[in-house]
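These notes are about the structure you will find just below.
The numbers here are math on the coordinates, done by the rules we state, and not lab data. The shown structure was predicted, so the numbers you read here are calculated from the model rather than taken from an experiment. A quick note on method: Cβ atoms are made from the backbone with ideal geometry, for glycine too, and the neighbour counts reach across all protein chains shown.
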Amino acid sequence: MLVRCWGARGNIPVSGGQTQFYGGATPCLEVRTSDQSVIICDAGTGIRQLGNALLAEKQLEYILLLTHSHDDHLDGLPFFEPLYTPDVRVTAFEHKALREKLEKMCDMAKAAEFSPQCTRSIQAAIEWKPALEYGHIAEVGNALVTSIPASHPGGCSGFKISDRGKSVVYLPDNELTFDHGASMDFSAYVKICAGADLLVHDAQFTCEEYETCRGRGHSSWRQALELAISAGVQQLALFHHDADRTDDQVSAIVKECKREAALRAPRLLCFAMREGAEIVLS
Ligand SMILES: [Zn+2]
Ligand SMILES: [Zn+2]
């Protein structure tokens, strides 16, 4: 299984020299399963570059999963070139916000209200699968996809993708230890992440920031680390970097995270996810 990051920034895309290393595009993760199925998690602005890369390699079939309806996870969709390409087949799991966005894009008059892409029509075939309810498992090629309830305002899912004994857990927006409604206890997150090869987790805040940002729907890097250690995962990728965080500041967080991990879980590999990162799980 291969995991590729096309966007790791939270809340709003950013640009400029100070964010170049980790990147400014909002969440989009590509997962290639052992049978070469392409699973796309979220349609943040990172999906634009992913779409171009998929077309360049003539890959025309994908599975699309959306965690939730916040703009930073959907805004890239009108710029996903494969949607305007004949012979492309997208299998999407039912999600109200995703369907509304796609329907607006199919309706020129409505599309004109919200996107400069309004003059183009969708040519890809879109097949809808029933919504992946919390705790449900769907088969995607050789992989199994489990939906995880996340703790986030307005509701949000995470996904665990397992394939031939390897697994990645994607929880981009998840405030651990704060209940936004449908969330689980910390122990339940530990259980579902147990032994994962890669945990991609919300780590938007520093510990100091979290003191004043509690309840906003995002975790601190230390909370993400706590989950990674408790669940005994192999690798922790800090994700959903704050829009105001410079590369140097993200790197400083990684340094601190590694220092703490070295003391408590020496085999745990910690890093911050960045655009272009490729992690092979084999
Ligand atoms: Zn987000
Ligand atoms: Zn969100």
* To do: Could you tell me whether any residue of region 12-29 is surrounded by fewer than 21 Cβ atoms within 10 Å (Cβ to Cβ), assigned to a strand (DSSP E or B) and over 14 Å from the mean Cα position of the chain (by Cα)?
  => no
* For F205, which of the numbered conditions (1) under 20 Å from D173 (Cα atoms); (2) away from ligand 1 (no atom under 16 Å from the Cβ); (3) free of Cβ contacts under 8 Å to residues at least 60 places away in the same chain fails to hold? -> (2)
* Quick one: which of A231, A243, A224, A261 is within 16 Å of ligand 1 (Cβ to nearest atom), within 27 Å of L2 (Cα to Cα), in contact (Cβ under 8 Å) with a residue 12 or more places away in the chain and out of contact with any His (no Cβ under 7 Å at 6 or more places or on another chain)? -> A243
* Selection from region 43-85 of residues that are closer than 25 Å to D202 by Cα, part of a strand (DSSP E or B) and more than 16 Å from ligand 2 (Cβ to nearest atom) -> Y62, I63, L64
* Quick one: E175 ticks every box in (1) assigned to a loop (DSSP other than H, G, I, E, B); (2) in contact (Cβ under 8 Å) with a residue 60 or more places away in the chain bar one, so which box is it? -> (2)
* To do: Can you tell me which residue within region 226-282, out of those that are in contact with a helix residue (DSSP H, G or I) (Cβ under 9 Å, 6 or more places away or on another chain) and hydroxyl-bearing (S, T, Y), is surrounded by the most Cβ atoms within 10 Å (Cβ to Cβ)?
  => T246
* Considering each of L236, L176, L227 in turn, give the residue that is more than 16 Å from ligand 2 (Cβ to nearest atom) and under 22 Å from L66 (Cα atoms). => L236
* Please state which of the following conditions K160 fails to meet, knowing it meets all the rest: (1) in a strand (DSSP E or B); (2) crowded, with 24+ Cβ neighbours inside 10 Å; (3) not polar (S, T, N, Q). => (2)
